[in-house]
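Read through the structure below, which is laid out as structure tokens, and then see the notes.
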Amino acid sequence: MLLEKRILETTGTEIASWLDYPFDPSRTWLDGELKGLEFLPPGDPIHDVWKEVWPQRGNPPNWDAVAQIKAKANTKLDPPVRPALLVGFL
């Protein structure tokens, strides 16, 4: 997949897995959308950081893809990255 190849080249990470879309029986294609940080547990500290950098009014972004990423063996990322990657297209 071209997108995954570009992500790996840019970040120097490996894709651990892509998160699946939630099932939504009200939609024609039955796929819902991941929104904001709903895919993270409520107590995850990234929620506090999100509130500092993303406006808390209106609707959160809908993600076209969310991947869990991990550093390749013997790779030190500077700065360290969280094990998630969000991709949105306009």
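Could you check how many residues of the range 49-74 are at pLDDT 60 or above, closer than 19 Å to residue 15 by Cα and not in a strand (DSSP E or B)?
Going residue by residue through the range 49-74, those that are at pLDDT 60 or above are 49-73.
Filter again for closer than 19 Å to residue 15 by Cα, leaving 63-73.
From the residues that got through so far, the ones that are not in a strand (DSSP E or B) too are 64, 72-73.
Here the count works out to 3.
Restricting to the range 1-24, give me the number of residues that are touching a residue at least 24 places away in the same chain (Cβ under 8 Å) and not in a helix (DSSP H, G or I). Count: 8. The residues of the range 10-39 that are hydrophobic (A, V, I, L, M, F, W, C), in contact with a Leu (Cβ under 9 Å, 6 or more places away or on another chain) and at pLDDT below 80 amount to a single one, 15.
Can you name the residue in the range 1-41 that is of a type in the set (D, E, K, R) and farther than 18 Å from residue 61 by Cα and, of all such residues, is least open to solvent (accessible area, probe 1.4 Å)? The residue in question is 4. Flag not set for residue 46, criterion: closer than 26 Å to residue 71 by Cβ and modelled with pLDDT under 80.
The values are calculated or read from the model by the stated rules, or taken from the named source; none is laboratory data. Quick caveat: nothing in here was measured; it's all calculated off a predicted structure. As a convention, Cβ positions derive from the backbone with ideal geometry for all residues, glycine included, and neighbour counts pool all protein chains shown. In case anyone asks, the SASA skips ligands and DNA or RNA and just uses the protein heavy atoms, side chains included. Shrake-Rupley method; radii C 1.70, N 1.55, O 1.52, S 1.80 Å.
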